[in-house]
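Accompanying notes for the structure given below.
The values are calculated or read from the model by the stated rules, or taken from the named source; none is laboratory data. These numbers were taken from a predicted model, which means no experiment stands behind them. Ideal geometry is used to build each Cβ from the backbone, glycine not excepted, and the neighbour counts take in all protein chains shown. Only protein heavy atoms, including side chains, enter the accessible area calculation; ligands, DNA and RNA are left aside. Shrake-Rupley method; radii C 1.70, N 1.55, O 1.52, S 1.80 Å.
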Amino acid sequence: MRNDLPKIILNLTNFLHNSALTKLNKKINLRLLYQDERFKITKPITGNVSIKKEQKNLVLIGHIKTEIMTCCDRCLKEINLKIKTQFERLLNNMTNANNEIQLSKNNQIDLFPIIWEEIITMIPTKILCKKNCQGLCPICGINFNQKTCSHYKKIKQKPKNPFSAL
């Protein structure tokens, strides 16, 4: 993860040592100026994160939403993609097993890497402006969603199956 990304530090010392407290809530409202070659965050990252005591464990529950601007993988049209996710993680101050987040020695946790991971995993691997996006002509670059060119028929023809003669 990049070093210039923010931290959302939550100190759990009082929460851990006060048996009367069973739940801790944190509202998230983070305006982040982030852009890379794949996407740009266009709306603040908002939501809630709660930490609950369940027996000897701490459970982190989150609801996060934001919006990113990216490009269609076929026609390169800019599109806005809404990201909305819910997640649950086990917090542990002893070990760091699968899907567990380890607390620091001073009972602090940085929520941002968890939130960032959730946002990144919600971005589809294949981003399309619409399901039936036709893409660009590989010869002249025209957007087939808007018009066709003289290459369209050649490109859209299905190649002959070499095994059809068998």
Modelled with pLDDT of 85 or more and either assigned to a strand (DSSP E or B) or farther than 13 Å from Leu58 by Cβ (or both): which single residue out of Ile119, Ile101 fits that description?
Ile119
Return a yes/no flag: does segment 84-94 have any residue that is more than 20 Å from Leu32 (Cβ to Cβ), more than 24 Å from the chain's Cα centre (by Cα), modelled with pLDDT under 95 and part of a loop (DSSP other than H, G, I, E, B).
yes
If I ask for residues that are open to solvent by 70 Å² or more (accessible area, probe 1.4 Å) and assigned to a strand (DSSP E or B), which ones from segment 27-47 would you list?
Lys27, Asn29, Gln35, Lys40
Qualifying residue in segment 4-25 (condition: touching a residue at least 60 places away in the same chain (Cβ under 8 Å) and either among the hydroxyl-bearing types (Ser, Thr, Tyr) or touching a Ser or Thr at 6+ places or on another chain (Cβ under 6 Å) (or both)):
yes
Going by the structure shown, is Lys52 open to solvent by 80 Å² or more (accessible area, probe 1.4 Å), in contact with a Ser or Thr (Cβ under 8 Å, 6 or more places away or on another chain) and at pLDDT 85 or above?
no
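Taking Ile155 as the residue in question, decide whether it is farther than 30 Å from Lys7 by Cα, modelled with pLDDT under 90 and β-branched (Val, Ile, Thr). So that I can check it myself, show each step before the final result.
On the way: farther than 30 Å from Lys7 by Cα: yes; modelled with pLDDT under 90: yes; β-branched (Val, Ile, Thr): yes.
In short, yes.
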